[in-house]
Amino acid sequence: MPADGMVFFDVGGTLLDVSPSIGHVYSRACAERGAHVEPAAVQRAFDSAWVSMSREVPRGANRYRHFAGGETEWWERISSHAFDQCEVAAERRPTVDDLRAHFARPEAWRIFPETREVLGELRGRGLRLGIISNWDSRLPKLLASLELDGHFEVVVFSASAGYEKPHPAIFETALAAAGVEASRALHIGDRLDEDYAGAKAAGLRALLLSRSRPEPSFLEEVSRWGDARDLIADLREALDRIHG
């Protein structure tokens, strides 16, 4: 691959995932304060809160700047809604600062088994790697604590860029930081709308890594794998297209 080419990765669901689930973390935090709530129930409530609050944010806008209180208010609203739905008394709830501190720690996350192998092999082939992620301000320190940051020349995330995928501006920010043209870049992620369609709309090549969510069968042009190791074997064709 030429020196002006770049392979970008999404983070959550692509390179790593929360572990244990958000529901388990919230449930355990409540239990420490004397409240019992089932992990599955609080997970459903959290997911519902995320969906409903996301509707308040214009498509592609940075949710972590949408409210006056910034990302702290975003997470406060999400957690409060979840605890309200689960009828957790106010005095039994963990604070948003406690929850944010937990998810800033490396032990709150599970790196997918093949992640380091894939990144190492791609770098060994001389590829330049970067990140384009919808994430808050904790991402750079989290990547460093997980010892993943050394793989990436460029790390662009929505809280800093001011836009989130699928808005073209976040992709353009990453391309400018890397000094590459869209036609010389490839983005790999796990979400059809944000990662695949967003990257394509911004002019990048795109590949979809679908670990568990089935995608529409009519999308025959979408490359997808259940394990990123399979990506290594199929990536050559995509890189050849970047070579043009």
Computed label-point distance, nm, for sites Ser137 and Ala201 using a 7 Å Cα→Cβ extension: 2.8 nm
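Which length gain, in nm to one decimal place, applies between Arg33 and Ser80 when the Cα-Cα distance is subtracted from 0.36 nm times their residue separation? It would help to have the intermediate numbers written out before the result.
Values: separation 47, 0.36 × 47 = 16.92 nm, distance 1.55 nm.
That works out to 15.4 nm of additional length.
For region 1-128, give the magnitude of the charge dipole about the Cα centre (Cβ charges: +1 Lys/Arg, -1 Asp/Glu; no others), in debye to the nearest 20. Don't skip to the answer; put the middle values down first.
Values: 17 positive and 19 negative charges, 50 e Å.
So the magnitude is around 240 debye.
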Phe9 long-range amide H proximity, modeled H, under 5 Å: Gly130, Ile131, Ile132, Ile188
Dipole moment magnitude, nearest 20 debye, region 89-206 about Cα centre, only Lys, Arg, Asp, Glu C-beta charged: 100 debye
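From the C-alpha coordinates alone, can you work out the Kirkwood hydrodynamic radius of region 119-202, in Å? Don't skip to the answer; put the middle values down first.
Details: mean 1/r = 0.0761 Å⁻¹.
The Cα-based Kirkwood calculation yields 13.1 Å.
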Amide H contacts under 5 Å for Gly203, placed H, 5+ residues apart: none
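Using a 1.4 angstrom probe, figure out how much accessible area region 1-100 has per residue, in square angstrom, rounded to the nearest whole. Kindly include the intermediate steps, with their values, before the conclusion.
Working: 4820 Å² over 100 residues.
Solvent-accessible surface per residue comes out at 48 Å².
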Span per principal axis, largest first, for the Cα atoms of region 52-151 (Å): 53, 30, 19
Order of exposure, largest accessible area first, which applies to Leu209, Leu192 with probe 1.4 Å: Leu192, Leu209
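Looking at region 34-65, which trypsin sites (Lys or Arg not before Pro) are in a loop (DSSP not H, G, I, E or B) and have at most 12 other Cβ atoms within 10 Å? Spell out each step's value before the answer.
Numbers: sites: Arg44, Arg55, Arg59, Arg63, Arg65; in loops: Arg55, Arg59.
When the trypsin sites (Lys or Arg not before Pro) of region 34-65 are filtered for loop state and at most 12 Cβ neighbours within 10 Å, Arg55, Arg59 remain.
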Under the Karplus curve 6.51 cos²θ - 1.76 cosθ + 1.60, θ = phi - 60°, whole-Hz ³J(HN,Hα) for region 128-141, x wherever Gly or Pro sits: 8, 10, x, 10, 10, 9, 7, 7, 8, 5, 7, 4, x, 5
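Could you estimate the translational diffusion coefficient of region 1-108 from the Stokes-Einstein equation, with Rh from the Kirkwood formula over C-alpha pairs, at 20 °C and 1.002 mPa s, in whole µm²/s?
Working: Rh = 15.3 Å.
It diffuses with D of about 140 µm²/s by this estimate.
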Per-residue HN-Hα couplings for region 49-63 [Karplus 6.51, -1.76, 1.60; θ = phi - 60°; Hz; x = Gly/Pro]: 5, 4, 5, 5, 6, 5, 5, 7, 9, x, 4, x, 6, 7, 4
In region 1-99, chymotrypsin sites (Phe, Trp or Tyr not before Pro) in a DSSP loop with at most 10 other beta-carbon atoms within 10 Å: none
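What GluC sites (Glu not before Pro) does region 62-148 have in DSSP loop regions with at most 12 other beta carbons within 10 Å? Don't jump to the answer; show the numbers that get you there.
Values: sites: Glu71, Glu73, Glu76, Glu87, Glu91, Glu107, Glu114, Glu117, Glu121, Glu147; in loops: Glu87, Glu114, Glu147.
Qualifying residues, ordered by number: Glu87, Glu147.
The values are calculated or read from the model by the stated rules, or taken from the named source; none is laboratory data. Being a predicted model, the structure only gives us computed values, none of them experimental. For neighbour counting, all protein chains shown are included, and Cβ atoms are generated from backbone atoms with ideal geometry for every residue, glycine included. The area values use the complete protein model at the heavy-atom level, side chains included, leaving out ligands, DNA and RNA. Shrake-Rupley method; radii C 1.70, N 1.55, O 1.52, S 1.80 Å.
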